[in-house]
Amino acid sequence: MLLTAAECAERIGVTIRGLRTYEQRGLLTPARSAKGWRLYGEKEIARLHEVLALKRFGLSLSRIAALLEGRAIDLDRTLGMQQSALAEQRQRIDEKLALVGAARTKLSTGGTLSLDELITLAKDTTMTQTSLDLIAQRRYEQARPRKTAPIDPELYDRYFGAYRFDAIWSGITITRIDDRLFSQVTGQAAYEIFPESETEFFLKVVPAQLVFSVDSDQTANALTIHQNGVELIARRVDETEARRAEEELARRIRENRPQPDSEEAIRRTIDEARCGEVESTRMTEPLATLARERAEAIAEELSAKGELKNIRFVGVGVDGWDVYRAQFEKSETEWRIDLAPDGRVRGLFFRTLP
């Protein structure tokens, strides 16, 4: 049985461009039909399985090519690696479940948790967001169609106020206008959110959802935003703190003043991205996750532009992001960057200029 490139891409869950990239790197050598069409059989699919498995382990394509060069397909070895990784993951999950179970048992019998026990729980049961499979699954769920549910608008009073995302050092404000509810991330426009239930809301402008956590006094103490395959928790804060952040942002925009070290962060990011590297410690976790997911495609795009010639600051955008122009040998690009107060990159975007 032979599959065309389109059939192979659809059934495996990759892109045709990805298949071509693997072929260019010498990782796949599909057969050709009489008309020159690429054909993939058992041998090619087995090799593709090896490549995809090694990618999920975090290896770059160049490293995978070096590992597989001159070696026969060994599907059993690859499956063994996957089995070991999954077994380790299951063991870690079992250990976390045991910790949580022991803590709940102690609480149910009237006991209390010591400081050391609380620290252990906080440290060892934190779920990370580094699995690209999990990210893809969340993104699929977040993109599904949503339907507005009728709820009492008086419930909206429990939600309005200011919240802060500690993971990205940014804020979000919830406001009520008549019988409508709006959300506004600091530096962005306000968008209406629509109810799916009494605590779950969604945006129509982008595939994103907000879920509120409500105290026993029926006041929201936090919200979780679900977007781009990532889940971020924001805790309620005093509105004066939110106003201070907004005023500082407005002042920096008026003064056209770049964030400290933003040019250095742009240069460093370009150097690393051209090599397909992601220094996650210099990024907030949501951005680092997306960067790892797109590292290969970005590396190819930047490498095709040639050497970096110069970078110049253009100004501060209306959203507070610093705007730069980066001139490469073959084209000019525009970069926008936003830094958290601790210096980590929390927002990054670039495009090729016409």
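The values are calculated or read from the model by the stated rules, or taken from the named source; none is laboratory data. All values derive from a computational prediction rather than experimental measurement. Quick reminder, even Gly has a Cβ in these numbers, built from the backbone with ideal geometry, and neighbours come from all protein chains shown. To get the accessible areas, we keep the full protein, side chains included, count just its heavy atoms, and leave off ligands, DNA and RNA. Shrake-Rupley method; radii C 1.70, N 1.55, O 1.52, S 1.80 Å.
Quick notes on this one:
- In the range 106-147, the residues that are of a type in the set (Gly, Ala, Ser), modelled with pLDDT of 80 or more and open to solvent by less than 60 Å² (accessible area, probe 1.4 Å): 111
- Checking each residue of the range 23-31 against the condition of being under 15 Å from residue 61 (Cβ atoms), among the aliphatic types (A, V, I, L, M) and touching a residue at least 40 places away in the same chain (Cβ under 8 Å) gives at least one match.
- Screening 320, 343, 276, 306 for residues that are touching a Ser or Thr at 6+ places or on another chain (Cβ under 9 Å), open to solvent by 20 Å² or more (accessible area, probe 1.4 Å) and at positive phi leaves exactly one candidate, 276.
- Counted residues, the range 216-239 - those being aliphatic (A, V, I, L, M), buried (at least 18 other Cβ atoms within 10 Å of the Cβ) and out of contact with any helix residue (DSSP H, G or I) (no Cβ under 8 Å at 6 or more places or on another chain): 3
- The numbered conditions (1) out of contact with any strand residue (DSSP E or B) (no Cβ under 8 Å at 6 or more places or on another chain); (2) touching a residue at least 40 places away in the same chain (Cβ under 8 Å); (3) not small (Gly, Ala, Ser) are all true for residue 202 except (1).
- Looking across the range 325-354, just one residue is in a strand (DSSP E or B), among the small types (Gly, Ala, Ser) and at pLDDT 90 or above, and that is 326.
- Subset of the range 300-354 [more than 16 Å from residue 186 (Cβ to Cβ) and touching a Gly at 6+ places or on another chain (Cβ under 6 Å)]: 323, 328, 329, 330
- Among the conditions (1) touching a residue at least 60 places away in the same chain (Cβ under 8 Å); (2) exposed (fewer than 12 other Cβ atoms within 10 Å of the Cβ), residue 242 misses just one, which is (2).
Per-residue answers, yes or no, for (1) free of Cβ contacts under 8 Å to residues at least 24 places away in the same chain; (2) farther than 28 Å from residue 320 by Cα; (3) more than 18 Å from the chain's Cα centre (by Cα):
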{"residue": "149", "(1), (2), (3)": "no, yes, yes"}
{"residue": "161", "(1), (2), (3)": "no, no, yes"}
{"residue": "164", "(1), (2), (3)": "no, no, yes"}
{"residue": "176", "(1), (2), (3)": "yes, no, yes"}
{"residue": "196", "(1), (2), (3)": "no, yes, yes"}
{"residue": "231", "(1), (2), (3)": "no, no, no"}
